[in-house]
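Let me begin by presenting the structure, written as structure tokens, before commenting on it.
The values are calculated or read from the model by the stated rules, or taken from the named source; none is laboratory data. Everything quoted here is computed from the prediction, not taken from an experiment. Note: ideal-geometry Cβ built from the backbone for every residue, glycine included; neighbour counts use all protein chains shown.
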Amino acid sequence: MTVEANTSAIAIASQRSSVVRPILEWVARRAEPVVISCGAILIGLALFSIFILVIGKSPATLFQLMYTGGFGSWFSIQNSLSRAAPLLLTALCVALPARLGLVIIGGEGAVVLGGVAAAAAALPFVGTLPAFLVLLLMAAAAMLVGGIWIGLAGFLRHYRGVNETISSLLLAYIAIALMNQFVEGPLRDPASLNKPSTTPLPAEYMLGKIPGMDVHWGLAIGVVACIVSWVLIEVTSYGFAARIAGGNVRAAQIQGLPVGRLIVGFTAIAGSFAGLAGMIEVAAVQGSANASLAAGYGYTGILVAFLARHNPLAIIPVAILLGGIDASGGLIQRRMALPDATVLVLQGMLFVVILFCETFYGRFKIFNPDLWKRSP
């Protein structure tokens, strides 16, 4: 009887282990990026605190103002959400190619050219077409131009062997020069004197605000884009093929996967999202294409994507966090007499720490079930 009881107990324990262990493995694998990313943020904030102490300011006061300016009131939250909207899209410009092992950092170029393309597409039809159709035309033009611009970096990478990081960055500088040329040249509104810009959009052609909130619809567009991107990567065969190609290009080619089309396609989709961010800036914030399009959203999107580990769903909370930090910059400048570049210093420190913390992935046994001691 005792032997039978022991055997039964062992069987029950083994059954429970077979059920619990996969759950623990799933949690462990997904906890690693969260823990390491949060740790990177804390380390970055600690280093930034030392920087603030060196210049004779109080880190506690700064972090309090940062919270107040970003999330301390309903007005601050709405401001942070508005600033997060373009970050959602520019982060996707980095995250999607990253699934193929590509590092695209020139999303700023697609943003500015997308904004110029959107303004140029709208001008001939203002007053002749309904606002909804004009906005759709603006979005299509911005996505097309942005997709071509970043897709060019993917094309050069696969067919000419040009490093995509270098080419996308150089393309960003070229795009900003082109934007200045168009805005100060053929597309310039003669009435814009001190700040050259295109002809402003009438109020009825601007992208409206979400009901009950002082936040434009660009936020909803960005969230939908992140969800669609997650479905594309995690659910579709196209995304699965991209993950295979990103893991081992040679193996993907042996399996007959169209690696070239995957690279160009994913970079083009990524660029179209960045171009859409430029359109939203024109149609919801600026009202025209001008030098303010080069606001650095493309570069902040790099930080957002790396913090989110290139996960489109994780990009949403990270973009809101970075949007809040950016929104607090003005309050910090006024209350602490610090330059507006202070927030950029924080973002730079966070990015360096995140890159350093990349070396820790796969090194902690608790997060790597493959290193766990298996039961006999």
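For Ile325, all conditions in the list (1) of a type outside the set (Lys, Arg); (2) under 26 Å from Val35 (Cα atoms); (3) touching a strand residue (DSSP E or B) at 6+ places or on another chain (Cβ under 7 Å) hold save one; what is the number of the exception? Of (1) of a type outside the set (Lys, Arg); (2) under 26 Å from Val35 (Cα atoms); (3) touching a strand residue (DSSP E or B) at 6+ places or on another chain (Cβ under 7 Å), only one is false for Ile325: (3).
Kindly indicate which of Ala153, Ala141 is of a type in the set (A, V, I, L, M), part of a helix (DSSP H, G or I) and under 22 Å from Ala305 (Cα atoms).
Numbers: Ala141 fails: under 22 Å from Ala305 (Cα atoms).
Step by step, each of Ala153, Ala141 is checked, and only Ala153 is of a type in the set (A, V, I, L, M), part of a helix (DSSP H, G or I) and under 22 Å from Ala305 (Cα atoms).
In the set (1) surrounded by fewer than 19 Cβ atoms within 10 Å (Cβ to Cβ); (2) β-branched (Val, Ile, Thr); (3) in contact (Cβ under 8 Å) with a residue 60 or more places away in the chain, Ile269 fails one condition alone, (1).
Has the stretch 257-280 got at least one residue that is among the charged types (D, E, K, R), over 21 Å from Ala220 (Cα atoms) and part of a helix (DSSP H, G or I)? If you could, list the steps in order and put the result at the bottom.
First, the residues of the stretch 257-280 that are among the charged types (D, E, K, R): 261.
Filter once more, keeping what is over 21 Å from Ala220 (Cα atoms): 261.
In the following step, the residues that additionally are part of a helix (DSSP H, G or I) were identified as 261.
Scanning the stretch 257-280, I find at least one residue that is among the charged types (D, E, K, R), over 21 Å from Ala220 (Cα atoms) and part of a helix (DSSP H, G or I), so the answer is yes.
For the stretch 173-211, a residue qualifies if it is among the charged types (D, E, K, R) and in a loop (DSSP other than H, G, I, E, B), and the qualifying residues are Arg188, Asp189, Lys195.
One residue is enough: does the stretch 156-165 have a residue meeting the conditions in a helix (DSSP H, G or I), surrounded by fewer than 19 Cβ atoms within 10 Å (Cβ to Cβ), in contact with a helix residue (DSSP H, G or I) (Cβ under 8 Å, 6 or more places away or on another chain) and not polar (S, T, N, Q)? Within the stretch 156-165, one or more residues are in a helix (DSSP H, G or I), surrounded by fewer than 19 Cβ atoms within 10 Å (Cβ to Cβ), in contact with a helix residue (DSSP H, G or I) (Cβ under 8 Å, 6 or more places away or on another chain) and not polar (S, T, N, Q). If the condition is being surrounded by 24 or more Cβ atoms within 10 Å (Cβ to Cβ) and either touching a strand residue (DSSP E or B) at 6+ places or on another chain (Cβ under 7 Å) or hydroxyl-bearing (Ser, Thr, Tyr) (or both), then the stretch 289-303 contributes Ala289, Asn290, Tyr297, Thr300. When Ser76 is tested against (1) within 27 Å of Ala314 (Cβ to Cβ); (2) crowded, with 19+ Cβ neighbours inside 10 Å; (3) not basic (Lys, Arg), only condition (2) is not met. Just one of the listed residues (Leu81, Leu96, Leu100, Leu89) is in contact with a Phe, Trp or Tyr (Cβ under 6 Å, 6 or more places away or on another chain) and under 21 Å from Trp217 (Cα atoms), and it is Leu89. Is it true that some residue in the stretch 337-355 is closer than 29 Å to Ser80 by Cβ, in contact with a Lys or Arg (Cβ under 8 Å, 6 or more places away or on another chain), assigned to a helix (DSSP H, G or I) and at pLDDT 85 or above? Within the stretch 337-355 (the criterion being closer than 29 Å to Ser80 by Cβ, in contact with a Lys or Arg (Cβ under 8 Å, 6 or more places away or on another chain), assigned to a helix (DSSP H, G or I) and at pLDDT 85 or above), the answer is no, since none of the residues qualifies.
Can Leu321 be described as modelled with pLDDT of 90 or more and under 26 Å from Leu92 (Cβ atoms)?
On the way: modelled with pLDDT of 90 or more: yes; under 26 Å from Leu92 (Cβ atoms): yes.
Considered against the rule, which asks whether it is modelled with pLDDT of 90 or more and under 26 Å from Leu92 (Cβ atoms), Leu321 comes out as yes.
Reported count of residues in the stretch 234-256, each being of a type outside the set (A, V, I, L, M, F, W, C), assigned to a helix (DSSP H, G or I), within 19 Å of Leu92 (Cβ to Cβ) and without any contact (Cβ under 8 Å) to a residue 60 or more places away in the chain, is 2.
Flag: Ala117 matches the condition of being at pLDDT 95 or above, assigned to a helix (DSSP H, G or I), over 16 Å from Ala225 (Cα atoms) and in contact with a helix residue (DSSP H, G or I) (Cβ under 7 Å, 6 or more places away or on another chain). Considering (1) of a type in the set (S, T, N, Q); (2) at pLDDT below 90; (3) not in a loop (DSSP other than H, G, I, E, B), the lone condition that Ser375 does not fulfil carries the number (3).
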